[in-house]
Amino acid sequence: MIYVFTGHSGALAHQRSITLYKVTFTSNIDKLQPVQNTLARVVSRGSRFDRATPLLADLQWLPVRYRIEYKLAQITFKALTRQEPQYLAELIRMYEAPKQLRPRGANILQCSPATLNFSRNAFCHATPAVWNKLPETVTSDITVSIATFKSRLKAALYNRAFLR
């Protein structure tokens, strides 16, 4: 499961990213978080009794739950802007309001109902849930470069994880 913490690019990283979503059940996330906490203590040369949250913040590592959201939002952005990978772009639908009500923001994804509990972790159900939770500063302009999007996304998730 080391791919959770790597920053590789290319096809191999894409495969690792897709595989990552198979571990999104809460019990698995709860098992991965102590591993990341231990790695943070090792990298920062801290004691095993040091609290992990300040170490993660100092290293600018997102906790596992937020890292999964980061990767999912990143793949969604690529699918929305470049229409690649095609098989994922076909699963994403933009929300179109039946009436013009108060503007809630641009680039909202359509949520389709999940009939089974485990199907909520499928890409087509998880993507709108994660994307629509992001602040408008991240999702409003999808014409920006991928580097700008990543920077805004990481800042928003970092603030949510550590600064609340």
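The values are calculated or read from the model by the stated rules, or taken from the named source; none is laboratory data. Quick caveat: nothing in here was measured; it's all calculated off a predicted structure. With ideal geometry, Cβ positions are generated from the backbone for all residues, glycine too; neighbour counts draw on all protein chains shown.
Structure data summary
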quantity	calculated
Qualifying residues in the stretch 60-74 (those that are in contact with a helix residue (DSSP H, G or I) (Cβ under 6 Å, 6 or more places away or on another chain) and among the aliphatic types (A, V, I, L, M)) - the one nearest to LYS154 (Cα to Cα)	LEU62
Candidate set from the stretch 123-145 (those that are aliphatic (A, V, I, L, M) and over 20 Å from LEU91 (Cβ atoms)); member that is surrounded by the most Cβ atoms within 10 Å (Cβ to Cβ)	VAL138
Pick from the stretch 108-134, criterion under 17 Å from ARG65 (Cα atoms) and in a loop (DSSP other than H, G, I, E, B), ranking: modelled with the lowest pLDDT	ALA122
Near pairs, Cβ below 6 angstrom, 6+ apart or cross-chain, from the stretch 140-158 (closer than 15 Å to ALA79 by Cβ) to any residue that is of a type outside the set (A, V, I, L, M, F, W, C) and at pLDDT below 90	ILE142/THR81; ILE142/ASN107
Unique match (being among the small types (Gly, Ala, Ser), over 28 Å from LEU163 (Cβ atoms), out of contact with any helix residue (DSSP H, G or I) (no Cβ under 8 Å at 6 or more places or on another chain) and at pLDDT below 90) among ALA79, ALA97	ALA97
